[in-house]
Amino acid sequence: MASIRFKQTDRRVGLAVALGFLAVAFGGLFFVFGFGGLADFVNAFPSVKLMGIIAALVFLPLPILMVRRLYKATDVDFGADAITVRTAGRPETTHIRYAEIQTADLHKSTPGALSLFSRDGRLLHRFAPYNDSTSLDALVAGLTGTGQFRIEDRPVKVFGGAMSGRVFTRKA
């Protein structure tokens, strides 16, 4: 029985933290400078590029660190007949039997994510490791190591470009 541990991304948490941080940051700036004072400060700054670099150095590190801390560790165990998923901080454990999985899409809906679908097209689970392609590769290897799936390569459009995606379909 193989086991994998990784930090699972949660788009809702990341978006809420980023929007909350931006609201607090801009609210603080408006409180300190006022609307007209902030505009005067920006206009009096010598270089737009320098202002952008300073703003990035001040505003980006904190939300990135906050989001990294908020993502929960996830344990995935590949058993003989099922995948068991446990997420830190959540009491429920998800068991997905291999017989339930009809298709698995790699990079289809979200780059860096593996989505498992049932026979009726229902999403069973979505694995999205946070900046960890080795965990994603291990998830794919654990799923396809059972020998029950056909592998089909498909290009996926991302930001106007293309990347290689894969669809794993249950053999008949």
Under 5 Å between amide H atoms, partner at least 5 residues away or on a different chain: which partners does V158 have, H built in plane at 1.01 Å? M163
For the stretch 114-172, run through the trypsin sites (Lys or Arg not before Pro) and keep only the ones in DSSP coil with at most 16 other Cβ atoms within 10 Å of their Cβ. R119, R122, K171
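Starting from the residue with the highest accessible area, list S133, S118 in decreasing order, probe 1.4 Å.
So the residues, ranked largest to smallest area, are S133, S118.
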For the pair K157 and T110, the simple spin-label estimate (label points 7 Å beyond Cα toward Cβ) gives in nm 2.1
Considering only protein heavy atoms, what is the solvent-accessible area of D40 at a probe of 1.4 Å, reported in Å² to the nearest 10? 100
Which translational diffusion coefficient, to the nearest whole µm²/s, is obtained for the stretch 1-148 from the Stokes-Einstein equation, given a Kirkwood hydrodynamic radius over C-alpha pairs, 25 °C and 0.890 mPa s? 134
Taking amide hydrogens as modeled 1.01 Å from N in the peptide plane, which residues meet the under 5 Å criterion relative to G79, leaving out close sequence neighbours? T84
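What is the stretch 16-172's relative contact order, in percent, from Cα pairs under 8 angstrom and six or more apart in sequence?
With pairs under 8 Å counted, the relative contact order is 13 percent.
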Calculate, for H125 and S47, the FRET efficiency according to 1/(1 + (r/R0)^6) with r their C-beta to C-beta distance and R0 45 Å; round to the nearest 0.05. 0.40
First check a/c for the stretch 21-63, with a ≥ b ≥ c the square roots of the eigenvalues of its C-alpha gyration tensor; if it is under 1.5, answer rounded, and if not, answer prolate when a/b is larger than b/c or oblate otherwise. oblate
How big is the stretch 75-121 on each of its three principal axes, counting only the C-alpha atoms and giving the largest first in Å? 28, 24, 17
Would you kindly work out the equivalent ellipsoid of the stretch 81-172 from its C-alpha gyration tensor and give its semi-axes, the square roots of five times the eigenvalues, largest first in whole Å? 21, 17, 12
What length, rounded to one decimal in nm, is gained on full extension from F35 through to A55, with 0.36 nm per residue of separation minus their alpha-carbon distance? 5.5 nm
Return the long-range amide H neighbours of L124 (sequence gap of 5 or more, or a different chain), with a cut-off of under 5 Å between placed amide H atoms. L116, F117, S118
Can you tell me the accessible area per residue over the stretch 9-52, all protein chains present, probe 1.4 angstrom, in square angstrom? 74
Under the definition of Cα pairs under 8 Å and six or more residues apart, what whole-number percent is the relative contact order of the stretch 90-131? 29
If you plug each phi of the stretch 130-139 into the Karplus form 6.51 cos²θ - 1.76 cosθ + 1.60 with θ = phi - 60°, what whole-Hz ³J(HN,Hα) values come out, in order, with x for Gly and Pro? 7, 6, 9, 6, 5, 5, 5, 5, 5, 4
At a 1.4 Å probe radius, carbon and sulfur cover how many percent of the accessible area of the chain? 62
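Relative to the present Cα-Cα distance, how much length would full extension add between S164 and V24 at 0.36 nm per residue of separation?
Contour length minus Cα-Cα distance gives 46.5 nm.
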Ignoring ligands and nucleic acids, what accessible area does D81 show with a 1.4 Å probe (Å², nearest 10)? 110
Under 23 Å Cα-Cα from K171, which lysines qualify once same-chain neighbours fewer than 8 residues away are excluded? K108
Computed over the stretch 17-92, the Cα gyration tensor eigenvalues, each multiplied by 5 and square-rooted, give semi-axes in Å (largest first) of 44, 14, 7
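The values are calculated or read from the model by the stated rules, or taken from the named source; none is laboratory data. If you're wondering where the values come from, they're calculated on a predicted model, not measured in any experiment. Using ideal geometry, Cβ is built from the backbone for each residue, glycine included, and neighbour counts are taken over all protein chains shown. Keep in mind that these areas ignore ligands, DNA and RNA; they rest on the heavy atoms of the full protein, side chains included. Shrake-Rupley method; radii C 1.70, N 1.55, O 1.52, S 1.80 Å.
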